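Everything on this sheet refers to the single structure shown next.
The values are calculated or read from the model by the stated rules, or taken from the named source; none is laboratory data. Being a predicted model, the structure only gives us computed values, none of them experimental. Neighbour counts run over all protein chains shown; Cβ positions are idealised from the backbone, glycine included.
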Amino acid sequence: MLLELNGIYKWVKSGGNRVFLLKDINISVEEGEFISVMGPSGSGKTTLLNVLGMLDGFDEGEYNFLEEPVHTLKEKQRANLYKEYIGFVFQAYHLIDELTVYENIETPLLYKKIGSSERRALVADTLDRFNIVGKKDLFPAQLSGGQQQLVGVARALISNPKLILADEPTGNLNSKQGEEIMDLFKELNKEGVTIIQVTHSEKNAAYGSRTINLLDGRMV
Amino acid sequence: MLKNYFKIAWRNLFKNPLYSVVSIGGLFVGITFSLLIGGYVWQEFQVNEGLNNVDNQYILTSDWKNPNMGIDFTSLAPLSKALKDNYPTLIENYYRLDGINVIISNKNDHFRESVQIWDSTLIAMYGFKMLYGNPKTALLNPNAIVLSAEKAQKYFGRTNVVNETLSIENFSGERKDFLVTGVLKKIPKNLVTNLSDNYVNEIFLPQGSLSFFGRDQWEDWSYNIIPSYVELKNGIGPTDLTIPIQQLIKKNADQRISENLKVNVVPLKEFYLEKDNHLVKRMLYTLSFVGLFILLMAIINFINISVAHSSKRMMEIGVRKVMGGRKTQLVYQFLTESIVFVFIATFLALLCYPLAKPWFGQLIGKQIPELSSFPMYFIGIPLLIILIVGFLAGIYPAMVLASLNAVESLKGRFKKVTTSIVISKSLIGFQFIVALTVLITTAIISQQVDYFFGNSLGYNKQYVISASVPRDWSPEGVEKMETIRNEFAAMKEVNEVSLSYEIPNGNFGFQLPIHRFNDTRKNEVPMQSLVADSHYLDTYQIPLAAGTFFRDDMQVRDKVVINEKAQRLLGWESSEKAIGQYIKIPEDTISYMVIGVIKDFHFGSMADNIEPQVIFNPKTIPNFRYLSFKLRPGNVESSIKAVRTKWSSLLPNTPFEYIFIDDTLKKLYSNELQLKNAAYTSCWLSLIIVLLGVFGLVSMSINKRIKEIGIRKVLGASLQNISFLFIREFVSVFMVAILIACPVAYALSKMWLHNYAYQIEIAPKTFIWSVLLVTGIILALIVMQTKKASNRNPAKNLRTE
């Protein structure tokens, strides 16, 4: 088992009332799964993804990741955990504008304190794998949306994570670019990477092996 | 439209309180400091302004070919009167004074006072106002005395004291009653009653009293220690007096004087700024520069923060432009905003002025004028500050912001402003340079000042106090004082007591030319002549190089002690060789045997070289002024109390006004201490302003890069990683600042140290510590700020609308 959510609740206070963002979420994910999270706007998809990615906390419930009880871990241990095992892909790519493609992909390795020769090898490998060697010195602004997202995915994968969390990865892309990214995910999944994606599109959801539907913070 | 501008400015003030506080805070500090300095500068220019017809008032100063022949701010006693008598078409009036130090008693209250014996012309010439008494007749009677209102309060507790009496002791111990004939109104600071800071004269005696004090030499053309003033007729310049003065001196004074003396006619206003080696002027320049730089730094802060802040305003600028706002209109809008900011800062500074006044005054050792003492039209000055500073601070950010491209701004792209990074970096770099330079020079000034008070003095100032004794300069007087000295020395609280004419404060009694007995006048050396009894060396713990010092059981009449400098200049290779040799004062019949050589000690300021000294015993030259007490360590206060009790029984008619040698030194170095204090303050201010600036820039930068921080955190960045992102922005600027500030600070310090014959070594350590200190503070500030940003939940930073 890769991870397990038991009775997760998350709320914000609005006036005297609790507004629930997540309500009684129970999920368990095995390694190698490809899960799509669907639901209308405001149903809690992104919140769920942030909780899974340990970027955001929750108010009640248990979260075990690789047998580690995340809810009891300290901030720093949590950061180490996601640094090690989780890669993020965003709808708006979130590449750093001031860095080149190469440097963007390299950044997570810098933060993991990996030696320079190994870094160079890993980045070269990744650039090659994603077919973007020729673009390594370009800045994000010089790339198309699809290419930027490709870099985003490459960056998420560089530290060899077990889990990829993708928040509408194709949301800003045209259909052809979107298809390419989804194909990439499919392929990665076949290689054994677990993927959880948030999507609005049935077609993209169909790439997954399982779909979780959310409505008003509740699984339906 | 203008109203609209103000409204927007006012709202923006509160929209981003942190930004407002940082911007206004920096300006507030800068403007307050400038106002204080401005007040001080204005006041210094007001000196003498209270005198009648001040533009025609001059002082006669003396330029001696050999500086040992006379004092520079005095002149030949009869000169000014002779000028008036012989050249009535040039001279409107003249004034002479003799400053003496006497003990004045009202029944059993005794005070030591500086008293001015005056020419009767004083009141008419300078227009001093009298509160009580008749100005025409007040000082005709030789037994009259005129006081200031303040002194009247001191002696009688009220101001209307005409016809009261005060008794004064002359230098041979005689007492005489003087009748108060007038009380003067408060006298504004001027160079007639207050020629030097040591002598503030508020008590005046008539010329007729000169003989009582044995100073009746005002007709003597070789008597050259009388400060002399003249008031010129309208249209007459100082150069018109050159030839008359030359002729008068040639006719009346002896040849030795007329060949060596050049008398200058200096406007009183100018003399105040220029005297004592341009002391006041230097202080004015230094402080004005410091004030200007601090204000400049505050303005730069404002510019930097405004430009950095502009990313927040982009949307607004875009919308305004799309809606048809022209560039000039936007410039006006932003200028209005900066003027509103400066207005608030100035307003706060004015409120703060009375609060900061005493503190700043104490710091530089001067009174700072009240706001209410400024003339009415000064109300325009704050307004002028607001407009000028507002414009200077606002124009650049306004131009930058207003020239942003409308569409780009709307999209939130910030291409244009990145081009201004060079400017904004040079601005912050300039601040770093100023702060570092000030810090380093402050450190060096402080080291040099500590050196003045340190172990290099050559004597031990610990537990030594001195007090003035009455002058009875006769062999009997000396004998009486020796007995009194012995009584004090027998006290258990006192280690050693010495009777002397000098204490180590730089003021020596007289200068004597001296040569070896068998030598000629050609090899004479001008020497400081000190008079001290046989206990001086033990009291001050000055080490002896060879021979012996005076002893009580010694016949001392023809014996002297010299210092090592004198021994070298007189041509003896070693101290031992000088012992038993004879020296001679030219034209003196007796010769003196050198019985001892003392090690050189700093008798005066370290600005000057140690001079050759010859020490006489009071039995040889019956002059003395002080008793110096070396107290036993322990409870100093009770020791002083015991000495005071003993004093009042031994010297009942003399006030016991003691001063620690430490405080004597502080007086000697008062300018240096003021400079040190001023340096400390400007050091703090510039650091505060730089830190405000860095704080503002970093917080703006964090705002701009909040998303990037989020991404990096998601990718696994730690706090150090993120802090370093922001530190990196300053590293290169800071490096350049160090490279510029160090040599500049070195040069400035060298220039200042150049004033001193004895200086500290400028150590690299000073530079390293200063740089480390500033680096440390800036780093801590950046880390503190980024910590907050970095601890924020990255999920929040990354939320896409």
**Item:** Selected residue [within 11 Å of another protein chain (Cβ to nearest Cβ) and assigned to a helix (DSSP H, G or I)] from A:GLU98, A:GLU103, A:GLU118, A:GLU84
**Value:** A:GLU84
**Odd one out for A:GLU31 among (1) surrounded by 13 or more Cβ atoms within 10 Å (Cβ to Cβ); (2) under 20 Å from the mean Cα position of the chain (by Cα); (3) in a strand (DSSP E or B)** = (3)
**Residue count for region B:645-672, restricted to those that are touching a strand residue (DSSP E or B) at 6+ places or on another chain (Cβ under 8 Å) and either among the hydrophobic types (A, V, I, L, M, F, W, C) or over 20 Å from B:GLY458 (Cβ atoms) (or both)** = 10
**Prompt:** In region B:530-564, what residues are in a helix (DSSP H, G or I) and surrounded by fewer than 19 Cβ atoms within 10 Å (Cβ to Cβ)?
**Reply:** B:ASP538
**Complete:** With criteria (1) surrounded by 21 or more Cβ atoms within 10 Å (Cβ to Cβ); (2) away from every other protein chain (no Cβ under 14 Å); (3) under 27 Å from A:LEU184 (Cβ atoms), A:TYR63 comes up short on (3)
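Looking at A:VAL51, A:VAL29, A:VAL37, A:VAL19, which is the one that is touching a strand residue (DSSP E or B) at 6+ places or on another chain (Cβ under 8 Å) and within 14 Å of another protein chain (Cβ to nearest Cβ)? Steps first, please.
Values: A:VAL29 fails: within 14 Å of another protein chain (Cβ to nearest Cβ); A:VAL37 fails: within 14 Å of another protein chain (Cβ to nearest Cβ); A:VAL19 fails: within 14 Å of another protein chain (Cβ to nearest Cβ).
Among A:VAL51, A:VAL29, A:VAL37, A:VAL19, only A:VAL51 is touching a strand residue (DSSP E or B) at 6+ places or on another chain (Cβ under 8 Å) and within 14 Å of another protein chain (Cβ to nearest Cβ).
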**Message:** Condition (residue is farther than 24 Å from A:THR194 by Cα and of a type in the set (Val, Ile, Thr)) applied to region A:28-49: is it met by at least one residue?
**Reply:** no
**Item:** Neighbours by Cβ (under 6 Å, 6+ apart or cross-chain): first from region B:150-161, under 13 Å from B:VAL180 (Cα atoms); second of a type in the set (D, E, K, R) and surrounded by 20 or more Cβ atoms within 10 Å (Cβ to Cβ)
**Value:** B:LYS151/B:GLU202
**Request:** Would you mention how many residues in region B:189-219 are loosely packed, with under 15 Cβ neighbours inside 10 Å and part of a helix (DSSP H, G or I)?
**Result:** 1
**Request:** Name, by its number, the condition in (1) touching a Phe, Trp or Tyr at 6+ places or on another chain (Cβ under 7 Å); (2) away from chain B (no Cβ under 13 Å) that does not hold for A:LEU73.
**Result:** (1)
**Fill in**
Requiring at least 3 residues that are among the hydrophobic types (A, V, I, L, M, F, W, C), the strands (runs of 3 or more DSSP E) wholly within region B:35-141 are B:57-64, B:91-106, B:109-118
**Message:** Looking at region B:224-244, I want the residues that are over 23 Å from B:SER196 (Cα atoms) and among the basic types (Lys, Arg) and have a partner that is part of a strand (DSSP E or B) and modelled with pLDDT of 85 or more with Cβ atoms under 8 Å, at least 6 apart or on another chain. Which pairs are those?
**Reply:** B:LYS233/B:ILE91; B:LYS233/B:GLU92
**Message:** Could you go through region B:177-188 and let me know if any residue there is surrounded by 15 or more Cβ atoms within 10 Å (Cβ to Cβ) and part of a loop (DSSP other than H, G, I, E, B).
**Reply:** yes
**Where A:ALA166 falls short, out of the listed (1) surrounded by fewer than 22 Cβ atoms within 10 Å (Cβ to Cβ); (2) within 14 Å of chain B (Cβ to nearest Cβ)** = (1)
**Asked** Is it fair to say B:ILE145 is closer than 23 Å to B:ILE225 by Cα and modelled with pLDDT of 85 or more?
**Response** yes
**Message:** Among (1) more than 9 Å from chain B (Cβ to nearest Cβ); (2) outside any helix (DSSP H, G or I), there is one condition A:GLN91 misses while meeting the rest; what is its number?
**Reply:** (1)
**Asked** Which one of these does B:LEU268 not meet: (1) farther than 30 Å from B:VAL54 by Cβ; (2) touching a Phe, Trp or Tyr at 6+ places or on another chain (Cβ under 9 Å); (3) among the hydrophobic types (A, V, I, L, M, F, W, C)?
**Response** (1)
**Request:** For B:LEU627, work out the one condition from (1) within 14 Å of chain A (Cβ to nearest Cβ); (2) surrounded by 17 or more Cβ atoms within 10 Å (Cβ to Cβ); (3) of a type outside the set (Gly, Ala, Ser) it doesn't fulfil.
**Result:** (1)
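Select from region A:106-115 the residues that are on the phi < 0 side of the Ramachandran plot and either surrounded by fewer than 20 Cβ atoms within 10 Å (Cβ to Cβ) or within 8 Å of another protein chain (Cβ to nearest Cβ) (or both) and list them in ascending order.
A:THR107, A:PRO108, A:LEU110, A:TYR111, A:LYS112, A:ILE114, A:GLY115
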**Message:** Looking at the structure I just gave you, is B:TRP684 at pLDDT 85 or above, among the aromatic types (Phe, Trp, Tyr) and more than 30 Å from B:ILE368 (Cβ to Cβ)?
**Reply:** no
**Message:** Quick check on region A:162-174. Is at least one of its residues of a type in the set (Gly, Ala, Ser) and farther than 19 Å from B:LEU798 by Cα?
**Reply:** no
**Request:** Restricting attention to region A:69-81, report how many residues are outside any helix (DSSP H, G or I) and surrounded by 15 or more Cβ atoms within 10 Å (Cβ to Cβ).
**Result:** 1
**Prompt:** Of B:LEU715, B:LEU685, which residue is touching a helix residue (DSSP H, G or I) at 6+ places or on another chain (Cβ under 6 Å), surrounded by 20 or more Cβ atoms within 10 Å (Cβ to Cβ) and away from chain A (no Cβ under 12 Å)?
**Reply:** B:LEU685
**Request:** Could you check, for region B:669-678, whether at least one of its residues is in contact with a Phe, Trp or Tyr (Cβ under 8 Å, 6 or more places away or on another chain), aromatic (Phe, Trp, Tyr) and either at pLDDT 85 or above or not assigned by TED's automatic domain parsing to the domain that holds B:LYS281 (or both)?
**Result:** yes
**Request:** List the number of the failed condition for A:LYS10; all other conditions in (1) over 27 Å from A:ASN189 (Cα atoms); (2) within 14 Å of another protein chain (Cβ to nearest Cβ); (3) touching a Pro at 6+ places or on another chain (Cβ under 9 Å) hold.
**Result:** (3)
**Request:** Scan region B:697-710 and give yes if some residue there is crowded, with 16+ Cβ neighbours inside 10 Å, at the interface with another protein chain (Cβ under 10 Å from one of its Cβ atoms) and touching a strand residue (DSSP E or B) at 6+ places or on another chain (Cβ under 8 Å), otherwise no.
**Result:** no
